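J.: Quick one: the structure is below, and I'll ask about it shortly.
The values are calculated or read from the model by the stated rules, or taken from the named source; none is laboratory data. If you're wondering where the values come from, they're calculated on a predicted model, not measured in any experiment. Reconstructed Cβ throughout: ideal geometry from the backbone, glycine too, with neighbour counts over all protein chains shown. Note: areas computed on protein heavy atoms with side chains; ligands, DNA, RNA excluded. Shrake-Rupley method; radii C 1.70, N 1.55, O 1.52, S 1.80 Å.
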Amino acid sequence: MQRRAFSLALPSVALLGLHGLARAQSFPARPIRYIVPVSAGGGSDMVGRTVTERWGKLLNQAFVVDNQGGGGGVIASQATARAPADGYTLMQGYVATHGTSPATRKLPYDAVKDFTPIGMIGGTPNVLVINVDVPAKGFTQFIAHAKANPGKLSYGSAGQGSLTHLTMELFKAQTGLEMTHVPYRGIAPAFTDLLGGQTQAMFPGLAAAMQYIKSGRVRAIAVTGKTRHPQIPEVPTLEELGLAGFDAMQWYGVVGPAGIPPDVVQRLNETLNAVLQAPDMGEKLSIEAIQPMPMSSQEFGDYIRADVARWTQLAREKNIQLDN
């Protein structure tokens, strides 16, 4: 009886496999909605439109970019999580929606359980910059200066709980430095005060900092990431400087609602990675200092879980919790 039951089950399994194969081959049969959790214009929107233009050509189907700004990505994330899990609604998740915000805020969505990871797009490192009047030419001198003046230096950020804030708190924890946090409403006013000397240091994303670094208005002394960034090859990584395992990055990736069929996920992931591996894609994304980072769906899911865990641990240790 057991043998017969097993043999009868085989055709059903085979049919399921054939159904999945047929579905993947016919997908997509209509345009794909691509939610970008920021208003039109700006770096994140540019990344989404650059990638989906190529991606759509490869899939022979249009992507319709849907900009849904507001709430630090909460509105877009909720809309994505509630959409049908058929692969026709995707979202450009990033470090705030699926990294720092889940660590510091009570959100109406679960960054891991409510989404299907499709694949990583890429990332740009954070860079430690200091005011040019700080008496330090490099990293070692800055550490010595800060330790000789505990509590006297201040650093700016794009806001409480932002990546610029958490990166500096992680840096302070690993170096033992004492500096005062000055949160701003966005990176632009934070740079204004850094340039004016009201604050002495900051850990912005490289794309935001590049113009000030190249013009000599701030001094870049270290960068996050495993390797030096090609746009500032003279700046050493924190790994090189002795902070092993230090990781902080402004990243972008693609997610969909939880439960998208594996065959559809595989087709989306493989085609996304093909787009990212095109010889000129790195050059196009370099406008935002982004380096392509193709991953499998599983690898990207693991990355999100690790990012949430890292920032959650830091937020608990430093008692960083936002009201909304």
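J.: Of everything in the range 224-236, what is without any contact (Cβ under 8 Å) to a residue 40 or more places away in the chain and either among the β-branched types (Val, Ile, Thr) or within 18 Å of Leu163 (Cβ to Cβ) (or both)? Give them in sequence order.
T.: Lys226, Thr227
J.: Related question: Glu317: open to solvent by 60 Å² or more (accessible area, probe 1.4 Å), part of a helix (DSSP H, G or I), in contact (Cβ under 8 Å) with a residue 24 or more places away in the chain and in contact with a helix residue (DSSP H, G or I) (Cβ under 8 Å, 6 or more places away or on another chain), yes or no?
T.: Working: open to solvent by 60 Å² or more (accessible area, probe 1.4 Å): yes; part of a helix (DSSP H, G or I): yes; in contact (Cβ under 8 Å) with a residue 24 or more places away in the chain: yes; in contact with a helix residue (DSSP H, G or I) (Cβ under 8 Å, 6 or more places away or on another chain): yes.
It is true that Glu317 is open to solvent by 60 Å² or more (accessible area, probe 1.4 Å), part of a helix (DSSP H, G or I), in contact (Cβ under 8 Å) with a residue 24 or more places away in the chain and in contact with a helix residue (DSSP H, G or I) (Cβ under 8 Å, 6 or more places away or on another chain).
J.: Still on this model: Residues in the range 115-137: is at least one touching a residue at least 12 places away in the same chain (Cβ under 8 Å), among the aromatic types (Phe, Trp, Tyr) and over 30 Å from Ile260 (Cβ atoms)?
T.: Of the residues in the range 115-137, the ones touching a residue at least 12 places away in the same chain (Cβ under 8 Å) are 115-134, 136-137.
Now restrict to residues that are among the aromatic types (Phe, Trp, Tyr): 115.
Subsequent filtering for residues that are over 30 Å from Ile260 (Cβ atoms) retains none.
The answer is no; no qualifying residue exists.
J.: Here is a list of conditions, (1) at pLDDT below 95; (2) farther than 21 Å from Leu59 by Cβ, and Pro279 meets all of them except one; can you say which number that is?
T.: (2)
J.: I'd like to check which strands (runs of 3 or more DSSP E) are fully inside the range 176-292 and have at least 1 residues that are closer than 30 Å to Thr116 by Cα, open to solvent by 30 Å² or more (accessible area, probe 1.4 Å) and touching an Asp or Glu at 6+ places or on another chain (Cβ under 7 Å). Working first, answer last.
T.: Details: elements: 179-183, 218-223, 249-257.
Filter on the range 176-292 gives an empty set.
J.: May I pose another question? Can you tell which of Gly151, Gly123, Gly119 is outside any helix (DSSP H, G or I), closer than 30 Å to Glu283 by Cα and out of contact with any helix residue (DSSP H, G or I) (no Cβ under 9 Å at 6 or more places or on another chain)? Step through it out loud before you land on a result.
T.: Values: Gly151 fails: closer than 30 Å to Glu283 by Cα; Gly119 fails: out of contact with any helix residue (DSSP H, G or I) (no Cβ under 9 Å at 6 or more places or on another chain).
Result: Gly123 is the single residue among Gly151, Gly123, Gly119 that is outside any helix (DSSP H, G or I), closer than 30 Å to Glu283 by Cα and out of contact with any helix residue (DSSP H, G or I) (no Cβ under 9 Å at 6 or more places or on another chain).
J.: Could you say which residue among Val112, Val74, Val64 is surrounded by fewer than 17 Cβ atoms within 10 Å (Cβ to Cβ), within 26 Å of Pro292 (Cα to Cα) and free of Cβ contacts under 8 Å to residues at least 40 places away in the same chain?
T.: Working: Val112 fails: free of Cβ contacts under 8 Å to residues at least 40 places away in the same chain; Val74 fails: surrounded by fewer than 17 Cβ atoms within 10 Å (Cβ to Cβ).
The match here is Val64.
J.: Any idea which residue in the range 302-314 is most open to solvent (accessible area, probe 1.4 Å), counting only those that are within 16 Å of the chain's Cα centre (by Cα) and more than 24 Å from Gly71 (Cβ to Cβ)?
T.: From the range 302-314, those within 16 Å of the chain's Cα centre (by Cα) are 302-312; that's our starting set.
Filter once more, so that each one left must be more than 24 Å from Gly71 (Cβ to Cβ): 302, 306.
Values: Asp302: 74, Ala306: 51 Å².
Per the stated criteria, the residue is Asp302.
J.: Six or more apart or on different chains, Cβ under 8 Å: which pairs go from a residue in the range 198-212 that's over 17 Å from Val182 (Cβ atoms) to one that's part of a loop (DSSP other than H, G, I, E, B) and among the small types (Gly, Ala, Ser)? Could you list them?
T.: Gly205/Ala289; Leu206/Ala289; Ala207/Ala289; Met210/Ala289
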